[in-house]
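Derivation of every value follows stated rules applied to the coordinates shown; laboratory data play no part. What you see is a predicted model, and the numbers here were worked out from it, not measured in a lab. Please note: Cβ atoms are built from the backbone with ideal geometry, for glycine as well, and neighbour counts cover all protein chains shown.
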2 protein chains.
Amino acid sequence: MTRLHLGYTGAPLDKADHMRRDAAAIQAARMHPSARFLILDDLKPLMAEGGTDLFWARRSEIPTGLAIFLGLNADGEPRFAVDGKPDDDLPARATDARAAGALLADGRAAIIAQARSVLDWHRRHGFCANCGAPTEVQKAGYSRLCGSCGAEHFPRVDPVVIMLAEKDGLALVGRGPRFPAGFFSALAGFVEPGESLEEAVARELHEEAGIRVHGVRYGASQPWPFPSSLMMGAFATAEGFELALDESEIAEARWVSREEVRAALAGEADWKAPPPLAIAHWLLATWAGRP
Amino acid sequence: MTRLHLGYTGAPLDKADHMRRDAAAIQAARMHPSARFLILDDLKPLMAEGGTDLFWARRSEIPTGLAIFLGLNADGEPRFAVDGKPDDDLPARATDARAAGALLADGRAAIIAQARSVLDWHRRHGFCANCGAPTEVQKAGYSRLCGSCGAEHFPRVDPVVIMLAEKDGLALVGRGPRFPAGFFSALAGFVEPGESLEEAVARELHEEAGIRVHGVRYGASQPWPFPSSLMMGAFATAEGFELALDESEIAEARWVSREEVRAALAGEADWKAPPPLAIAHWLLATWAGRP
């Protein structure tokens, strides 16, 4: 059994963190002839026509807008992301970030995740939460500094737990109120201040489905750039089957067998499982065993 | 071997999330005769005199200041945290949150973690990052709403990886530039947008110590309320011993044997290991095996 690729992981870039603190190095990298830029048009990355690769623009092709440093490729060439409206005549198309991630299905999608999360954060964090004054971009896009009160702000990453509760060969899947019809997935929720990942799994399953669990086992993780989650997948053992749904979070839930999960992953069930891009797919496939 | 308790985990409260959305229920809980309040004086929780338990104030004893809902205890009695200056005549003492966590050494410390992280967030997030206008507390303290642009903001939790790289029976520990003399711990760093937990472990070890690793294994997690981290402990296999330290992050590092780690945890080595409150202690103790 080959290991399933986790969506948005496997970035091929060296983030070269030490360069971020060196404004002259970043400026030199930006002006270097080998520099290339991933343009995000309203947070949609540009894909080359045909849709099989990212479109990497030259400096002369980029629009006005915030540029953040992504890192260096395997040849040491600098890569940036730019938030702006591209020229119509580029041989490229702005593509929904989920669709682009699914089309690439490899480490290149991780570049989209990094670019989209950081640029989106800048869009919504132009002011200082501490004093209300405008802030300025620092460190090649990895910080904003308030000139008024001196507070420094960093791009946010929100830890999220996503989990399969299981008991006696059955696992719990649910459908959110805004999910497409027939679509079921693993339950999920944000980790709160003052709890561990394992406690968040147990709390969310109790809040959303009314079940108690023990034996929480971490499985894998992925970034999810909508806007900037770190999804952490886990398994847990349920103490009973009886559900009490929080209908604001879960419209419908069911206990499914491994056979049913395998059928759903193969597109042969009366319900739809999440696509390979999402860690919920990994959780279900890992739990059910792939044929 | 009993399982080591992870600091700040095991909260005995039911967070009763559904009540947060119900302002009338929160108000009734606050006025209920069984309601009790943990006062934090400049983010230091009040401990009862003698220092063996938290001090739970009655409503008549609390200072003016923001109160957030913590949850319900096992008897369904409401518990809150208040940010304010307590009366001098209370039989209680404001205690450093690390010291208080170490003194309690059980699930009661998790209450401090929740209270301190959320109250600290409010202190530093009175304004809307999106538009700069003042925001207002919502949902019993779990959200702030901007009346000007409508943006809703949630308490932040920052995922952090903390890890032991190991090779041939040796593990890597390091000393930060601001650590007390002789104190070594596991290396750590913030997860960035667009990477998995496992990728963050590998990136941080490369950035800070110059080593490459594979086979990252998640171990355990804990909340760390300074100000609001989710610490995720992991192990990884190093590909070589040669170090190249980033001296802004690591002043000194060394490869240590299991025997040396056991000696340090017992206070019998020429270097000091982290205290039981910190997950780095769990990582070292789990790796070295306790006698």
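Put simply, segment B:244-291 fits an ellipsoid with semi-axes of 20, 12, 10 Å; these come from the alpha carbon gyration tensor as the roots of five times its eigenvalues, largest first.
Ordering B:286, A:52, A:9 by the number of other Cβ atoms within 10 Å of each residue's own Cβ, fewest first, gives A:52, B:286, A:9.
Computed as a quarter of the hull surface, the mean projected area of the alpha carbon convex hull for chain A stands at 17.6 nm².
As a rough footprinting exposure proxy, the listed residues B:229, B:143, A:196 were ranked by other beta carbons within 10 Å of their own, and the order from fewest upward is B:143, B:229, A:196. Take each residue of peptide B:121-128, count the partner chain Cβ atoms within 10 Å of its Cβ, and average: the result is 4.
On the beta carbon distance between residue A:18 and residue B:178, with R0 = 22 Å, the FRET formula returns roughly 0.70. Assuming charge only on the beta carbon of Lys and Arg (+1) and of Asp and Glu (-1), the dipole of chain A about its Cα centre is about 780 debye to the nearest 20.
What's the extension gain from residue A:87 to residue A:190 if we count 0.36 nm per residue and subtract their Cα-Cα distance? Residue separation times 0.36 nm, minus the Cα-Cα distance, leaves 33.2 nm. Roughly how many Å is it from the Cα centre of segment A:155-186 to that of segment B:161-196, as a whole number? Spelled out, the Cα-based centre of one part sits 33 Å from the other.
With the simple spin-label model, which puts each label point 7 Å out from Cα in the Cβ direction, the residue A:59 to residue A:34 separation comes to 1.5 nm. Using the charge dipole of segment B:158-288 (Lys, Arg: +1 at Cβ; Asp, Glu: -1 at Cβ; taken about the Cα centre), state which of B:170, B:263, B:229 has its Cα farthest towards the positive end. Checking the options against the dipole of segment B:158-288, the answer is B:263. Sorted from shortest to longest, the distances between the residue B:42 label points of this copy and the other copies are 5.1 nm, with each point 7 Å from Cα along the line through the beta carbon.
Residues A:62, B:111, arranged from fewest to most other Cβ atoms within 10 angstrom of their Cβ, appear as A:62, B:111.
Counting every C-alpha pair in segment B:158-288, the share spaced more than 22 angstrom apart comes to 29%. Considering segment B:17-124, its Cα convex hull presents a mean projected area of 6.7 nm². Residues whose amide H falls under 5 Å from that of residue B:191, counting only those 5 or more places apart or on a different chain, are B:160, B:161, with hydrogens built in the peptide plane. The mean count of C-beta atoms from other chains within 10 Å of the C-beta of residues in A:228-241, rounded to a whole number, is 2. Provide Rg over Rh for the protein assembly as shown; use the alpha carbon set for both Rg and the Kirkwood Rh (inverse mean inverse pair distance). That ratio equals 0.96. Plainly put, segment A:139-208 has a radius of gyration that is 1.19 times its Kirkwood radius, both from alpha-carbon atoms, as the Rg/Rh ratio. Expressed as a fraction of 2.2 N^0.38 Å, the C-alpha radius of gyration for segment A:180-250 is 1.14. With label points set 7 Å from Cα along Cα→Cβ, the inter-copy distances at residue B:239 are 4.6 nm, sorted shortest first.
Go through A:99, A:18, A:214 and say which Cα lies farthest out towards the positive end of the charge dipole of chain A; charges sit on Cβ, +1 for Lys and Arg, -1 for Asp and Glu. Going by the charge dipole, the pick is A:18.
Which one of A:29, A:182, A:153 is farthest out on the positive end of the charge dipole of chain A, using unit charges on Cβ (Lys, Arg +1; Asp, Glu -1) and the Cα centre as origin? Of A:29, A:182, A:153, it is A:29. Restricting attention to segment B:165-266, close to 90% of DSSP beta bridges with both partner residues there are antiparallel.
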